[in-house]
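K.L.:
I have a structure I would like to understand better, so I am pasting it below and will then ask my questions one at a time.
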Amino acid sequence: MKRLSKKQMRIFAVGQLGWSTLSGIISAWFVTFYLPTQTDISENGAIQYIVPGLVIGGFLTVLGLITALSRVFDAVTDPWIASLSDRSTNKRGRRIPFMQYAAVPLSVVTVLLFCAPVNMISGWNVAWISVFIVLFYLFMTMYCTPYNALISEFGKTQDDRMYISTAISLTYFAGTMLAYTPFVFAGFLRGSVGFAWSYRVCFIVLAVIACICMLIPTFLLNEKEFVETKPSNTNMLKSLGATFKNGNFRTFVFSDIMYWVGLTLFQTGLPFFVKVSMNISEAYTMYFLGGMTVLSAMFYPIVSKLVKKYGKKRLVITGFAGLALAYVIASLIGVLGTAENPGLLGIGSIPGIVFGVVICVIAAFPMALLGIIPQSIVADVAEADGIETGENREGMFFAARTFAMKFGQSLAMLVFTSLAIIGTTQNTNSNDITASTLGMTIVGIVAVVFCALGAVILGFYNEKKVMSTIDKKHDDTP
């Protein structure tokens, strides 16, 4: 079978630019749009579509409950779609048709999710949001699970996998940054179209761009030219069980959950580290995030070379250690204090922006390692398992990794909202999360703990066995 050229690998990576943009819209704007602050309501004309505040059991919002239930549905669809893709006998391939069918509805649903029908608090809005968030996760899974499975199938050599992983990591960051552009452009539109439509217009433009990006690899790459695999005959439950029977994969997944908890705690908490711990303008969040992303991308070209020299396992553990160091500094901000905020000890004299720059510089290289290598590890484990069992279940392996990501992110959100308000009074009728300096210090410490656990667990991953299985196959292939 043919190998993808570097140009074709870049075409494949464009698909990730599309779906990561849509995913970023939900991550960045779903809560902000439907739980506007009192300032946005009074000064910018924001509308409350659903009941605000911690009104369910005194600790959960209506939106939080909707999100939690949709994640349960999402957890079921991951292995289901993976199994359908692995068993597909479509003449155009097992993956591309799923991606092609999902791209347009995923883009449309993303926009409709922000178009609640009643311009006031209403049960109809709750129903609307509930339906479309479920559809969003369904179509996202239909695109992402087959897409990720192609990483293993398109990457026929270690060099190919590292190149693909690097390319899709870059497009993931680019898509995430695109999702944040309404921070800039919505303000220009607000005076003419109002608060809600200033964001909806931005989301429509981004959704069109994302849809085109997602469709590009489905039309320009012929899966059958590059992949020759036998469809799996195993049903979903047996396939999922067989996937987790792989000891090396179990080790990786548990380590990966720790990574996603730690990473999400930091990403979610960054605006609060900025405005609470550092006590500087929230606008610096974008500057820090953008600077860290650009600096991280500068390290990408050397990651493949480092992998050849040191191996993937060692570098991922190094990434955990580096990320933990950044979190240690973030947690110390609230203790030592800054020039703008005396902190818990009242000895701060260093400007908060200096702490922000230091954190971004330290985190950039670990983010490059952890943004590229884990995807390649899953591809290695999936290939080695296929060699040993004779069954191709790449879709299920990547679906399980996606589930680990979603589980880690959901756990992190629950942990963050519980820890961030320690030491302050939370108004249960308010949309604003009132984080405290003490709470953010605790968040930083907990993030360090999760990173340390991730490194320790990954220490049990048997990289030599996985790579020797793959190498033996390639040596035996004429």
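The values are calculated or read from the model by the stated rules, or taken from the named source; none is laboratory data. For clarity, every value in this text was computed on a predicted model and none was experimentally measured. In this analysis, Cβ positions are derived from the backbone assuming ideal geometry, glycine residues included, and neighbour counts consider all displayed protein chains. The area values use the complete protein model at the heavy-atom level, side chains included, leaving out ligands, DNA and RNA. Shrake-Rupley method; radii C 1.70, N 1.55, O 1.52, S 1.80 Å.
K.L.:
What are the lysines whose alpha-carbon lies under 19 Å from the alpha-carbon of residue 465, with same-chain residues fewer than 8 places away excluded?
P.N.:
Partners within reach: 156, 245, 308, 309, 312, 313, 473.
K.L.:
Next question, about the same structure. How big is the convex hull of the Cα atoms of the chain, per residue, in Å³?
P.N.:
140
K.L.:
Still on this structure, I have one more. Averaging sequence separations of C-alpha pairs under 8 Å and six or more residues apart, then dividing by the length of the chain, give the relative contact order as a whole percent.
P.N.:
24
K.L.:
Just name one of 111, 18, 329: the one whose Cα is farthest towards the positive end of the charge dipole of the chain (beta-carbon charges, Lys/Arg +1, Asp/Glu -1).
P.N.:
18
K.L.:
Across segment 16-28, in residue order, what do the Karplus-derived ³J(HN,Hα) couplings come to in whole Hz, using 6.51 cos²θ - 1.76 cosθ + 1.60 with θ = phi - 60° and x for Gly and Pro?
P.N.:
Once θ is set to phi - 60°, the couplings for segment 16-28 become 5, 4, x, 6, 5, 5, 5, 5, x, 4, 5, 5, 7 Hz.
K.L.:
Give me the number: length gained by fully extending residue 188 to residue 424, i.e. 0.36 nm times residue separation minus the C-alpha to C-alpha distance, one decimal in nm.
P.N.:
Length gained, residue 188 through residue 424: 81.4 nm.
K.L.:
OK, next. For residue 130 and residue 308 in one chain, what is 0.36 nm times their gap in residues minus the Cα-Cα distance, to one decimal in nm?
P.N.:
59.4 nm
K.L.:
Now for a separate question. Roughly how many percent of the accessible protein surface of the chain is carbon and sulfur, given a 1.4 Å probe and a whole-percent answer?
P.N.:
Within the chain, the accessible surface is 68 percent carbon and sulfur.
K.L.:
Whole number in Å², please: accessible area per residue of segment 52-150, 1.4 Å probe, ligands, DNA and RNA not counted.
P.N.:
38
K.L.:
Sticking with this one: Any idea what the alpha-carbon Rg over 2.2 N^0.38 Å comes to for segment 274-424?
P.N.:
Working: Rg = 19.2 Å, N = 151, 2.2 N^0.38 = 14.8 Å.
Against the empirical 2.2 N^0.38 Å value, I get 1.30 for segment 274-424.
K.L.:
Return the ratio Rg/(2.2 N^0.38 Å) for segment 205-259, where Rg is computed over Cα atoms only.
P.N.:
1.73
K.L.:
Tell me, rounded to the nearest percent, the portion of alpha carbon pairs in segment 166-287 spaced more than 16 Å apart. List each step's numbers first, then the result.
P.N.:
Numbers: 5863 of 7381 pairs.
The proportion of pairs with Cα distances above 16 Å equals 79 percent.
K.L.:
Counting heavy atoms of the protein chains only and a 1.4 Å probe, report the per residue accessible area for segment 198-260 as a whole number of Å².
P.N.:
Here the per-residue accessible area is 46 Å².
K.L.:
Out of segment 223-327, which GluC sites (Glu not before Pro) are coil in DSSP terms and have no more than 14 other C-beta atoms within 10 Å?
P.N.:
Values: sites: 223, 225, 228, 282; in loops: 228, 282.
Filter output for segment 223-327: 228, 282.
K.L.:
What's the angle, to the nearest 10 degrees (0 to 90), between helix 195-220's Cα axis and the longest principal axis of the chain?
P.N.:
Around 10 degrees separate the two axes.
K.L.:
Placing unit charges on C-beta atoms (Lys and Arg positive, Asp and Glu negative, everything else neutral), compute the dipole magnitude of the chain about its Cα centre in debye, rounded to 20.
P.N.:
Numbers: 34 positive and 25 negative charges, 232 e Å.
So the magnitude is around 1120 debye.
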